Every structure is written in C-alpha cells, then in structure tokens.
Amino acid sequence: MSILKSDIKLAEIIRNELFRQRNSINLIASENYVSPSVIEAQINLLTNKYACGYPDHRYYAGCRYMDEIENLAIERAETLFSAEHANLQPYSGAQANFAVYFSSLEPGDTILAMDRTHGGHLTHGDSHNFSGRYFDFNFYGLDKKTERIDYQKVLELALKKKPKLIIAGSSSYSRLIDFKIFGEIAEKSGACLMADIAHIAGIVAAGLHPSPVSYSDFVTMSTHKTLRGPRGGIILCKRKYADTIDKAVFPGIQGGPLMQVIAAKAVCLKEASLPEFKKYQKQVLTNARMLAGALKERGFILVSGGTDNHMMTIDLRNKNVTACDAEKMLEHIGINVSRCSLPFDIIQEGKNGIRIGTPSVTSRGMSEKDMSFIAGIISMAVENFSANKKKAALMVKELLSRYPLYPEHI
Ligand code: DSN
C-alpha cells in the first residue's frame, strides 16, 4: 500500500481494521465482505471525475467513459432484477428512499410503513429522520402471536388512511415478505407501492426470495448487504416513473454521482448474475436456518420462531442479560452482532433484541457445521461470560483460522 509511505498514520488505521475484520466473526446482518474486484473498481482514478447528469446528458466535459460505466451498471441492474428502469446514482439506500419520496410526494402526505420497533427502517418514518419530520407516517406491524406481518391489518389501515405510498420492507423481519399481497393492498387503497429490499436484494437477485419488481411502482435497495457490493443504493421503477426518479436523484437530492462506486456496483451486479452467487445465497439461507435451529436448541428465543432469510432476531428477555451487555461480551470474544428492538417490547425499546445474520460468515466460506459451533460460542458467552470468555475467544480464533479473509492483502 503506497500510503504506507505517504500517510503511515492512516495506513496503520486501515491495516488495523483489516486485522479486526479478519479476526472477528461478523454476524451483523447488514454487512458483508466484497470481492477484491469490487474493492479494485472502487479504489481508483474514477474518483477524479465529475459526471453530474446522466449518460449523454452531463454537465461536464470528458464524460464518455463515465457514460460507458453508468450504462453498463444500469443495464446489468435492469437485467438482473428484470426492471424497466434503474437509477444507480443514490449514495445509499437511505438516499434511494429519499429520492422516491421526493419524486412523488409533497410534505405532509400520508405514508404507510412498518413500525420501526417491529423492523421498519429509520427512513420509514422515524421521528428523528427527515421522513418522520416531513411526512405523515402511519405504521403497520406484526401479529402479536405469530410475529409475522398481519396483512389483513395492513389492508384495513390502508383503506382507512388512504396513503399515497405504502412501503413494504424491513431491517429485521426474518420471514418472506408477500409483495404480491402488498401490491393488491396498494391497488385497493389507491396507493403507490415502494418495496425496500435493502436487506434481501442479493436473495431476490438469486431468485430465492419472490421479487417485488412486477408488483411495485418503486424498488429501493442498498448494494452492500446481501448483494455484496460497495456501499450505495439503487432505485428500480416502472418506465413511466423513469424521468421523475432520475430528476429526483439529480438534481433533486444529490450532486455529482460517485462514479467509482457506480463502477463497483457494476462489478457486483455482474457477480450477482453468476451461478456461484446463487450457490452462495443458498448457503446464506441454509446457514441462517442452521444457526436459528442451533440457537433454539440452546434455549434462545427467536422472534417469529426462526427465519426464512439471512437474518434473525434473538429475544434476550429469558436471559439474564441486556442486548447492550450481550453485544459487548460478544465483541470481547470476537463476535460482532447488532442490537435491535423487539416487537411489542414497549417497556424497554431497543434493550432486549440482538439481530444476527449469515451473509458475512458465508462469504468467508463457513457452512452448516460452523453454525452450530458459533451458536455454542454465543451460548457460552451469554450464559456465563466470566467463566467462559477465555475459552470462547479461543474457539472464535480457531474457527477463523480455517477461513482466511483477504489473504492477498497486507
Ligand atoms: N443500518 C442498516 C441495517 O443495519 O440494517 C440499515 O440501513
């Protein structure tokens, strides 16, 4: 790395982060490890170029290769997801959502989305977020008994509130989302439908989760979760919205596109079209099911009792530990997880849920047998941290030594 010479301080921090990634079991459901090709496409001289606008309509000279890159990425996204139109410029999934709202809503308009404590995202109406400040959000949630989406209640709420937009999608829902039903609800209530597939984009791309594309007016996603690309966002929409979506992204809410990131998105979209990617996603799902089963065998309670996708939420209320403490204990032994809210846990919002997922460990090559090993380590740490922490940390180290990460990096 040449910054080892020019900026040793920063180079050391990056190297420390490489070692941290190598030496932890990453169960954060929204993270992943990109391929060396995605890294290469993103770290290069494309960062020098301004390319405001769109292919053939730029506000700067010298954009012919930028046009080629963006057209390639657009074409790959449209083909992979069978979409009529794709915009690759959103800097993130949050920006993609903002652009959809900006394209088709006025401040104060009504939106129906999943309650954040049941799994909805920050940009789906949280009061601290622009979405909650500028729009009139109403929330649907999970059925108390099954902890699955109560589609009948969604319909009733949609007919009552007459939202302009319905959002289907979640940051921690571990079950299949029935986008067809959401499409029917949107039609019956006269709303547009936006599917936010940030978490499941890779699973949808592999054909292992029903696609929302044909039922939705807009589909948004981030590109760095299951899709295993660079940090960023994509919007898919019907052709009739193409112009308004493009204008909403630029000049509506963003300036110059990050062309190096769009190049990396093109790489990840190509990777996602290959048979190996489908195999990878199958393993992500198998691993998640195995991990869920192994955790349940060890007395952990999972929201909705399990998972159909890449993630699950552990309800820690039957354990003598808060989510915050569990997160710290697990980080201490080399396992990264993230805290989340539990549905109906109104007394201690955000204190008792741990969300975990299998995209990263699967990218490292881990399979079923490793999932019960990981469940065993989690159980040891959470049940009796002081007695087990040394042994648990050694078990983490031993497991990771069998799955090297980025061995070609220094
Ligand atoms: N922060 C992401 C997650 O962890 O799910 C959502 O954007």
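Look at Arg175 and say whether it is within 19 Å of His209 (Cβ to Cβ), charged (D, E, K, R) and under 17 Å from the mean Cα position of the chain (by Cα). Spelling it out, Arg175 is indeed within 19 Å of His209 (Cβ to Cβ), charged (D, E, K, R) and under 17 Å from the mean Cα position of the chain (by Cα).
Across the range 253-282, the number of residues qualifying as surrounded by fewer than 19 Cβ atoms within 10 Å (Cβ to Cβ) and assigned to a loop (DSSP other than H, G, I, E, B) comes to 5.
To keep it simple, each residue is scored yes or no on (1) open to solvent by less than 30 Å² (accessible area, probe 1.4 Å); (2) small (Gly, Ala, Ser).
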position	(1), (2)
Lys160	no, no
Ala191	yes, yes
His199	yes, no
Asp243	no, no
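Among the residues of the range 215-236, those that are open to solvent by 10 Å² or more (accessible area, probe 1.4 Å) and in contact with a helix residue (DSSP H, G or I) (Cβ under 8 Å, 6 or more places away or on another chain) comprise Tyr215, Asp217, Lys225, Arg228, Arg231.
Of the residues making up the range 379-395, those that are under 20 Å from Glu297 (Cα atoms) and assigned to a helix (DSSP H, G or I) are Ser379, Met380, Ala381, Val382, Glu383, Phe385, Asn388, Ala392, Met395. Restricting the range 396-406 to residues that are in contact (Cβ under 8 Å) with a residue 12 or more places away in the chain and assigned to a loop (DSSP other than H, G, I, E, B) leaves a set whose member that is farthest from Thr313 (Cα to Cα) is Tyr406.
Just give me the residues in the range 43-86 being of a type in the set (D, E, K, R) and open to solvent by 90 Å² or more (accessible area, probe 1.4 Å), in sequence order. Spell out how you get there, then give the answer.
Here is the first cut: in the range 43-86, the ones of a type in the set (D, E, K, R) are 49, 56, 58, 64, 67-68, 70, 75-76, 78, 84.
Scanning the range 43-86 gives Asp56, Arg64, Glu68, Glu75.
All conditions in (1) open to solvent by 20 Å² or more (accessible area, probe 1.4 Å); (2) out of contact with any Gly (no Cβ under 8 Å at 6 or more places or on another chain); (3) farther than 30 Å from Ala206 by Cβ hold for Asp308, with the sole exception of (3). Close Cβ contacts (under 8 Å, 6 or more residues apart or on different chains) running from residues in the range 219-231 that are in contact (Cβ under 8 Å) with a residue 12 or more places away in the chain and within 13 Å of the ligand (Cβ to nearest atom) to residues that are open to solvent by 10 Å² or more (accessible area, probe 1.4 Å) and in a strand (DSSP E or B) comprise Thr220/Asp196; Met221/Asp196. If you go through the range 19-42 and pick out every residue that is closer than 20 Å to Lys328 by Cα and surrounded by 13 or more Cβ atoms within 10 Å (Cβ to Cβ), you end up with 11.
Residues in the range 167-190 that are within 16 Å of the ligand (Cβ to nearest atom) and in contact with a Pro (Cβ under 7 Å, 6 or more places away or on another chain): Ala168 alone.
Within the range 169-213, how many residues turn out to be part of a helix (DSSP H, G or I) and closer than 21 Å to Leu159 by Cα?
First pass over the range 169-213, keeping only residues part of a helix (DSSP H, G or I): 179-189, 201-205, 213.
Now narrow it down to the ones that are closer than 21 Å to Leu159 by Cα: 179-189.
Of the residues in that region, 11 qualify.
Within the range 105-126, identify whether any single residue is open to solvent by 50 Å² or more (accessible area, probe 1.4 Å) and among the aliphatic types (A, V, I, L, M), and answer yes or no. Checked against the condition, which is being open to solvent by 50 Å² or more (accessible area, probe 1.4 Å) and among the aliphatic types (A, V, I, L, M), the range 105-126 yields at least one hit.
The values are calculated or read from the model by the stated rules, or taken from the named source; none is laboratory data. Note that this is a predicted model, so its numbers are computed, not measured. Because the Cβ atoms are built from the backbone with ideal geometry, glycine has one as well, and the counts that use them run over all protein chains shown. Only protein heavy atoms, including side chains, enter the accessible area calculation; ligands, DNA and RNA are left aside. Shrake-Rupley method; radii C 1.70, N 1.55, O 1.52, S 1.80 Å.
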